[in-house]
Structure formats: structure tokens, C-alpha cells
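This report refers to the structure that appears directly beneath it.
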Amino acid sequence: MKQSFLKYTLLVAITVGSLFSCNEKGEKETFSKTTASSKETTNLVVDFKDTGIKIQPTMYGVFFEDINFAADGGLYAEMIKNRSFEFTNPFMGWLQPNSNKHSFNLKSGIASAIKYVGNPSNRNYCRVKINSDKGYALINEGFRGMGIHKDAKYNFYIAALKRSGDIKKISIQFIDKEGVVLGETNIVPTSTDWKNYTAQLIASKTEEKAQLKITFEGTGEIDLDMISLFPVDTWKGRKKGLRKDLVQLLEDMDPGFLRFPGGCIVEGRTLARRYQWKKTVGPVIDREILVNRWNTEFAHKPAPDYYQSFGLGFFEYFQLSEDLGAEPLPILSCGIACQFNTGELVPMEELAPYVQDALDLIEFANGSINTPWGKVRNEMGHPEKFNLKYIGVGNEQWGPAYIERYKVFEKAIKAKYPEIIIVSGSGPFPDGDYFEYGMEELKKLNAEIIDEHYYRSPEWFRENANRYDSYNRNGPKIFAGEYAAHPKEVEDGPKENNWEAALSEAAFMTGLERNAEVVQLTSYAPLMAHIDAFQWAPDMIWFNNLQSYGTANYQVQKMYATNKGTDLLSITKDGKPLTGQENLYATAAKDADKKEVIIKLVNTSNNSQNVIVNLSDKRLNSKGTITILTSEKLVDENSFIAPNKISPKETEFELKGSRAEVNLQPNSFTILKYNVR
């Protein structure tokens, strides 16, 4: 992720080219499809001779970063904001509707934040003084509200300590904006020591922006902490777990890897605010919260209430990777804060703790339960190893300072764990001085995998489908770790995830797949965004408190990931790869496990095109399938109202002898698939 000025500077400098045309008056208008078809026929040849090039299982994965409220308020299903009163303003997210301390009208009661003594992680708790039995209440607003579904069950948790008086009962209610009760339960506090209480609410109505109201009956003083609320129906039914619909969208992609915990949040605005994985494991109550580095990064999208509770921490990321059948790919700080912010450097003589964090993480993932960090994993309920194979050093740092620090990490990791594959970074841009310097220096070091990032126009993606054709086959492998097409002159938000952007990515991805000998991991970024709390767009998955949907870009990623194959085949026109000639792009593969041949075809023309794919292998079944992803207009996008507007349609498709004769629809992505007998 880049800072806002970088995003807009890049995008202003790049023209989209194909999104707009001019009418007779010289006014801009968007292209729409025509029904015209190209009179000429393009002949393609698939060579079934083994190229010897494997498509890695990690070819298509997902990259998760806690931006756009993707963790707290998103994937992590906690519904209470500031549950332990640890925000800089301890009562941010909480309301006291019948107590006005500013006018000293405290007849009902008042809540105050109290600091723990000697607890570095959970520093605060709430002390409530109820002065009269008049229904003093606290209300939590949730993350832009709370999404509740009719008849769904929700578990409420609270730690409480009765200090004085007689607090007889605590009522817990879902309410709407008018205060109407939408579900209710209660607890009876009994202990003068800290005690955990649980209760369950059942929602009587579906509401996107509900709140939670906590009302006290009786008088006296009571201390509260870790006030928490989760749906019962979480991913795999885990208590205090992940939001089910969001994980399901990920599982449906069948990703080869999960990169976490992000990009720039790894670095932090300062080193003190970097992501420190050791603070995100162990009991959730002991995980120290952190101000999210995106909270005030963009002046036009301030989010001062954006914090990281780390309920979604490194253990949960590893567990999620395991659930998805994806390789875990953690990225760690290399001792450089975000260079678009402070660029703060840890002195080389003080780098050892950062390196030790990397070594300890490998032990946490792969060590026996008798090792210090393997024991922590075991105590969290996972004695089995996570079988970590990859680790990333730095996000998108650049310059000599990064190379100098990378060398230290590489030496230490390889000395202790030579089997671990290290991912390095080429900086924030796909070209220019930073990129050229980083690539050259990392090549000298025989880097194993280099991470490249690019946020550019749709036109750039179409024009760079041959980007990796000239890369050295004996050099470092490439991880296209963050990329997305950013259309110009489009309203900020979901409309940026339009069909032109997704189609252009589909064209570009033929080049990624065709160069599978070099490119071994790829992921779109960012992954998720809350519609009411996003800082950055476009994003692959959009959600609100009740719903979620995959964008057109998601559908492209899913089609590639679920149809990647195992071995690259050659597909050519006149002996040359199809990399945009006549606005056509193509790649072919076989899947040795499923005994399939998979052909991907992208037509970025506004006209349909006749294509004949010559298939010389006589073992192919004549009947196969054709899957088409397209939309009427390039500016079309999926939405909460029409989440499947742009979605693939699959039908049967029969060969004519050894030929697949297909009329590619205008602006379309097509996959042909045939079984081998």
C-alpha cells in the first residue's frame, strides 16, 4: 500500500486509453459492446509437447492487510468496538445516553476509565457508578453499527467485579437507531472478584446498524472489562472466530497461499508502531492493541477509531491458511518504518531483536512443542506444526538501507533454517530507479523470490502482458505480491472495481501464467473493504455489516485460481505467443491430476472475434465446457444490490474434430476445458 499522494500522482500520470471515446460533439462517452463480429478468423495452435514448465500450486493466492477495516469490523467477527477500553480515548465507541458529566447531571450514574497496575497489555477497565435505579446504560456503536440477522444467535461475554452496593442485574439488548429492542438477555453479577460471565442474544429482526445497550439495575459500583459480542455462526463454528461469509469467499477461490499481515502495517508509520507478531499470540486478553497505521493516513478518509485489537493475530492467520489449504506467507519488519512516512531506521547494531523475531516465528510455526515458541503454539491448541515454507523480509522498502538489512536477515535465517524460502522486495514501483537498484542488488545476492508491486491504469496492464517474457529464467523467481488496475475518472469506491479493470487484469494474467517458469506467486491487493469505513479503493471484496460480494476482479482471480493446471502448454499464433495482437491474449495448460486441458482466452476488443484453437492431441474428449465472464459495459460493476452481475457462465462446448471454434464475445474472458482420455 502506498500513501495517498503516491496513488493519485501515479494515476494522474497514466491514461486509461480504452475507457472513453468521443462522440461527434467531442464529448466523452463510455464504450459499450457492439454486436459486430470480426470477419477474420484467428488460428491458434496448442502444442501438447511437454514444456517442462510447472505451474506452481502457489501461483494464485490472496494477500490480507488490515486496511479498510478488514480485520476488526471485518474478517474478525468481534462486534464490540473498543471492548476493553484501550483506545487513546478510552470511551471511543461508547455512549452514556442518560449521564451528562459535562453538565454534572450524574443522578443516574457515570462510567470512568481505570488503569490496571502492572499489566502492560490490558491497561484499562471501566468502573461504573450507578447512583439511582433509573436505568443507567452504556451503548456500544459497533463498527459502523452491528449487523444482526433475524433469528441468529449471538454470544455476549463480559468480565465484571462488584465493588460496592447491590447491582442486581445487567440487561443486554440489541437496539436500532430509534431505540427499539431487537433482542435481549441478562446476567446477574455475583462476585466481588473478577469473574467472566456469558449470555446469548437472539435477534428478532435483521438490522445492518444495530447497537448494543447495557443497562444496570440496582445501585453501587461495578468494574467491567473485555465486553465482547460474537455471532455463534462463525467460520467452522469457532467461538470468537472469523466472519463466515468472508472466509467462504476466500475458500471458494482455492488460494495457493495467504500472505499476511499486510503491506504497510508491517512497517508502521514509526518503528514503535510496527506490527510485532509476538504481541498477537497467546490469550486474546493479553494482546496489546495498536493504533492502525491507516487511521489518519488519508486526509479524505480519516478513521480515528481504527485500531488493531489483534484478536486476529498470527496464530489465527496460520490457522486460516491451514483451513484454506494455502501456504502461509508471513511478512516481517526489516527494521525500516514506512519510507513514505518517517522512514525511521533501526541502527544496524540494534537489528538483532528484529532478526530474532523472524527466527522465533519460524520456531512458532515449525518448532516442536518442547521449544519455547512451539510450546506457545501448543498452548493455543495446535500441537501440530504449521509447516511454514516461506517468510518475507520487509514489505516494499527500497535503497541501500534495505539491502544492508536484508543481508543480515538472509544470513541468519539460512544458517538456522536453510529450507525456508525468503521473499525479498523490489520496492513500491514496477520500474524506475528504486526498482532497478533493488532488482540488481537482490540478483547479486541470489535472492530466491522478489516481490513486485504495481498499481497502474487498465491500459498499463493490457500493454504489459509481456512483462516477464524477457526475465532471466535462471534468475530470482517473482512474486507479484500487490497489483490492481486503477481506472481513471471513476468515483472512489466500488465503482473502481469495474469490468474494464478486471478484464485488463485478466489479459495481464495470461502473461503471468505464460511465464510460470519465472512468476510463482501472485495476489491482487487490497483484499477487503468495509463500504462504510474504507481508506483505499479498488478492493477485491466489499462488505457491509450484513453482506459481502466478490467484485469482477474477484471473479477473474477465482477463474484463474480454480483453473490453473499443473503444466504450461504452448499456445501461439503464427508461432508467437498471443500477448495483445488484435486485442487477444491467450495461455494454455494441462492439469495432470485432473487430466484436463485448460485454455484461457481474453478479448479486449469492442467486437466479437472468431478464434479457432487447433488441438492436435487426439486423446481429448470432444465434449468440454466453455466458461465466459463478460458484461455489457466496461463501467459495469458488481454491487450489494447485484452481487453477481458480472459472474462466470459455464456451458457445454463441443470440439469439431481437433478444433475448438469459438466466437469470443466483446470484452470477455473465456476458459475452454477438455478432459484427456
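The values are calculated or read from the model by the stated rules, or taken from the named source; none is laboratory data. Owing to the predicted nature of the structure, the values given are computational and were not obtained by experimental measurement. Note that we place each Cβ from the backbone using ideal geometry, even for glycine, and neighbour counts take in every protein chain shown.
Which of the residues belonging to region 587-611 are in a loop (DSSP other than H, G, I, E, B) and more than 28 Å from Trp460 (Cα to Cα)? Outline the logic, then answer.
Applying the first criterion (in a loop (DSSP other than H, G, I, E, B)) to region 587-611 yields 592-595, 604-607.
If the condition is that a residue be in a loop (DSSP other than H, G, I, E, B) and more than 28 Å from Trp460 (Cα to Cα), then Ala592, Asp593, Lys594, Lys595 are the ones that fit.
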Any residue in region 74-86 that's under 14 Å from Ile289 (Cα atoms) and in contact (Cβ under 8 Å) with a residue 12 or more places away in the chain: show its pairings with residues that are assigned to a loop (DSSP other than H, G, I, E, B) and basic (Lys, Arg) at Cβ separation under 7 Å, as long as the two are six or more apart or on different chains. Glu86/Arg123
Answer yes or no as to whether Leu569 is modelled with pLDDT of 95 or more and touching an Asp or Glu at 6+ places or on another chain (Cβ under 8 Å). yes
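Select the helices (runs of 4 or more DSSP H) contained entirely in region 357-476, then report the ones holding at least 2 residues which are among the small types (Gly, Ala, Ser). Reasoning before the result, please.
Values: elements: 372-379, 400-416, 433-444, 458-463.
Of the helices (runs of 4 or more DSSP H) lying wholly inside region 357-476, those with at least 2 residues that are among the small types (Gly, Ala, Ser) span 400-416.
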Elements of type strands (runs of 3 or more DSSP E) contained in region 146-232, each with 1 or more residues being among the acidic types (Asp, Glu), out of contact with any helix residue (DSSP H, G or I) (no Cβ under 9 Å at 6 or more places or on another chain) and within 23 Å of Leu312 (Cα to Cα): 207-231
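Here's the yes/no breakdown for (1) more than 20 Å from the chain's Cα centre (by Cα); (2) without any contact (Cβ under 8 Å) to a residue 24 or more places away in the chain; (3) within 22 Å of Leu578 (Cβ to Cβ):
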site: Tyr402; (1), (2), (3): yes, no, no
site: Asp431; (1), (2), (3): yes, yes, no
site: Leu442; (1), (2), (3): yes, no, no
site: Ala465; (1), (2), (3): yes, no, yes
site: Asn474; (1), (2), (3): yes, yes, no
site: Ala502; (1), (2), (3): no, no, yes
With Asp617, Asp636 as the choices, which residue is more than 28 Å from Asp539 (Cα to Cα) and not basic (Lys, Arg)? Asp617
Of the residues in region 139-155, how many are crowded, with 16+ Cβ neighbours inside 10 Å and out of contact with any Ser or Thr (no Cβ under 8 Å at 6 or more places or on another chain)? 10
Identify all residues within region 628-677 that are crowded, with 19+ Cβ neighbours inside 10 Å and charged (D, E, K, R); write none if there are none. Asp636, Glu637, Lys673
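Yes/no per residue for (1) in the same structural domain as Leu246 (by TED's automatic domain parsing); (2) assigned to a strand (DSSP E or B); (3) more than 18 Å from Asn498 (Cα to Cα):
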| residue | (1), (2), (3) |
| --- | --- |
| Tyr585 | no, yes, yes |
| Val613 | no, yes, yes |
| Lys618 | no, no, yes |
| Asp636 | no, no, no |
| Asn663 | no, yes, yes |
Consider region 285-304. How many of its residues are out of contact with any Ser or Thr (no Cβ under 8 Å at 6 or more places or on another chain) and outside any loop (DSSP other than H, G, I, E, B)? 1
